[in-house]
Amino acid sequence: MYTRFSGGRDRALATLERAFSESGNVASGDVTWVVELDGRPAAAMAGFPVVQAPVRSRAYLGLTLRGAPFWQWPATLRLYWVGGRASPKPREDSFYIDALATDPAFRRRGAAFALLEEAERQAREHGLNTVALDTTMNNEGARALYAAAGYDEVAYRPSAHGLPGFVALVKPVAR
């Protein structure tokens, strides 16, 4: 989705690099965790309390628009608007995992599980009751990972407006 939102892989990487160094957006370094295996980055996660999502999303949109040619702005704005309505809305008392990715070379080695555990720790630290996330309905690998980690599928949205279908997942946090 970052590639699609930014209008290409190179722009997406440049936007993510800028976003990481600027606080207050969905990909800021202050809300991003990385697991290293064998001295290399293996997996990364960005997450924050759901109540921060609107402000962080708008900040990321601004970063994206600043790095895109003006003729691409309508497509980016449309995807921002449509994408914000495509996935099921998480509960307000949740820590939201906005992004979780594992390098294919490091899959099935525990990196994603470690990040999911960090999300639970962050939820407790923020006084939140659940961890919430969403993924595309056809991402069977991610859905299996989340089920194994104790997440329940709680809502579904079919594909629409050129976007894939989404499934929302939630896990209560043990206090």
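With the requirement that a residue be of a type in the set (A, V, I, L, M, F, W, C), assigned to a loop (DSSP other than H, G, I, E, B) and surrounded by 12 or more Cβ atoms within 10 Å (Cβ to Cβ), what does segment 163-175 give you?
Result: V173, single match.
Residues checked against (1) under 21 Å from V50 (Cα atoms); (2) of a type in the set (D, E, K, R):
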residue	(1), (2)
P104	no, no
L115	yes, no
E120	yes, yes
H126	yes, no
N129	yes, no
D134	yes, yes
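Of the strands (runs of 3 or more DSSP E) lying entirely inside segment 94-162, the ones with 3 or more residues being over 13 Å from the mean Cα position of the chain (by Cα) are found at 152-157.
Within segment 81-105, residues that are aliphatic (A, V, I, L, M) have Cβ atoms under 6 Å from residues that are part of a loop (DSSP other than H, G, I, E, B) and modelled with pLDDT under 95 in these pairs: V82/H161, counting only partners at least 6 apart in sequence or on another chain. In this structure, is G47 on the phi > 0 side of the Ramachandran plot and either modelled with pLDDT of 90 or more or buried (at least 16 other Cβ atoms within 10 Å of the Cβ) (or both)? No, not satisfied.
Can R66 be described as basic (K, R), touching a residue at least 60 places away in the same chain (Cβ under 8 Å) and out of contact with any Cys (no Cβ under 6 Å at 6 or more places or on another chain)? So R66 fails the test. Being modelled with pLDDT of 90 or more, out of contact with any Asp or Glu (no Cβ under 7 Å at 6 or more places or on another chain) and within 18 Å of S6 (Cα to Cα) is true of L65.
The values are calculated or read from the model by the stated rules, or taken from the named source; none is laboratory data. As the structure is a computational prediction, the values presented were derived from the model and not from experiment. Quick reminder, even Gly has a Cβ in these numbers, built from the backbone with ideal geometry, and neighbours come from all protein chains shown.
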